[in-house]
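The values are calculated or read from the model by the stated rules, or taken from the named source; none is laboratory data. None of the values given here were measured: they were computed from a predicted structure. Here the Cβ positions follow ideal geometry from the backbone for every residue, glycine too, while neighbour counts run over all protein chains shown. Heavy atoms of the whole protein, side chains included, go into the accessibility calculation; ligands, DNA and RNA do not. Shrake-Rupley method; radii C 1.70, N 1.55, O 1.52, S 1.80 Å.
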Amino acid sequence: MARTEVLVSGFGGQGVVRIGQTLSTAAVYQDLKTTMLVSHGTETRGGYVRTQVVISPETIDSPVVENPDYFVALSKAAYNRFIHLAKKGLVIYDPAYVEPDSSLTVKHIPLAARDTAERELGRELYANAIVLGAMAKMMTGLVDKENILKAMLERIPRFHEENKKAFEIGYSLISKE
């Protein structure tokens, strides 16, 4: 396994930081090296949030994501701001917020996290757990599903049963190629 870069971005309140924390913690459980950077806009609420996670079996020379293997776009502004970095890998986007640029050659995977959370669990709050479940499927062979789930339940203080269900829904929405 080589260095793997994950960029997650959206707006405040979507759980972007928690997704990054969860993936980083899961990597540590597997004795991998990991870094995480968080940045956000100057707005108090609703501004953009970005988390950059790097996972590697080797020492990480830079925590900056420059060419993400996984770019998760949870808002139109996030997609527009960072899509230029996604030259390879996968772009995972929520179609409730993002209309992808069809002229790009990088692979796009729609993940209707918000709408699925509302439909299946009654609250948009669980969308980030759906994203983590989908990430667990896509990152098979890199970070174990069980470790991502364990890390998620440690990072999310409440509603464990609902979040577990959301995680499994997200996992089932992705077909592993």
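Descriptive notes on the structure:
- Test result for Thr116, over 22 Å from Val38 (Cα atoms), touching a residue at least 24 places away in the same chain (Cβ under 8 Å), assigned to a helix (DSSP H, G or I) and not basic (Lys, Arg): yes
- Checking each residue in region 80-106 for being out of contact with any helix residue (DSSP H, G or I) (no Cβ under 8 Å at 6 or more places or on another chain), outside any loop (DSSP other than H, G, I, E, B) and either free of Cβ contacts under 8 Å to residues at least 40 places away in the same chain or under 23 Å from Ala27 (Cβ atoms) (or both) picks out Asn80, Phe82, Ile83, His84, Leu85.
- Whichever residue in region 141-169 is without any contact (Cβ under 8 Å) to a residue 60 or more places away in the chain and of a type in the set (A, V, I, L, M) and, among such residues, is nearest to Ala26 (Cα to Cα): Leu149
- Meets criteria (out of contact with any Cys (no Cβ under 6 Å at 6 or more places or on another chain), open to solvent by 60 Å² or more (accessible area, probe 1.4 Å), within 21 Å of Ile156 (Cα to Cα) and outside any helix (DSSP H, G or I)) for Val49: no
- Of all the residues in region 126-140, those that are touching a residue at least 60 places away in the same chain (Cβ under 8 Å) and open to solvent by 40 Å² or more (accessible area, probe 1.4 Å) number 0.
- Odd one out for Ala166, checked against (1) more than 21 Å from Glu120 (Cα to Cα); (2) among the aliphatic types (A, V, I, L, M); (3) outside any loop (DSSP other than H, G, I, E, B): (1)
- Scope region 1-35; condition under 16 Å from Ala129 (Cβ atoms) and open to solvent by 10 Å² or more (accessible area, probe 1.4 Å); matching residues: Gly13, Gln14, Gly15, Val17, Arg18, Gln21, Thr25
- The sole residue among Lys87, Lys76 that is touching a Phe, Trp or Tyr at 6+ places or on another chain (Cβ under 7 Å), modelled with pLDDT under 95 and surrounded by fewer than 20 Cβ atoms within 10 Å (Cβ to Cβ) is Lys76.
- Only one entry of Leu104, Leu121 meets the criterion of being among the hydrophobic types (A, V, I, L, M, F, W, C), open to solvent by 10 Å² or more (accessible area, probe 1.4 Å), over 17 Å from the mean Cα position of the chain (by Cα) and within 21 Å of Phe159 (Cβ to Cβ), and that entry is Leu121.
- Check on Met138, under 19 Å from Arg18 (Cβ atoms) and touching a strand residue (DSSP E or B) at 6+ places or on another chain (Cβ under 9 Å): yes
- Residue identified as under 12 Å from the mean Cα position of the chain (by Cα), closer than 25 Å to Tyr29 by Cα, among the acidic types (Asp, Glu) and open to solvent by 10 Å² or more (accessible area, probe 1.4 Å) among Asp61, Asp69: Asp69
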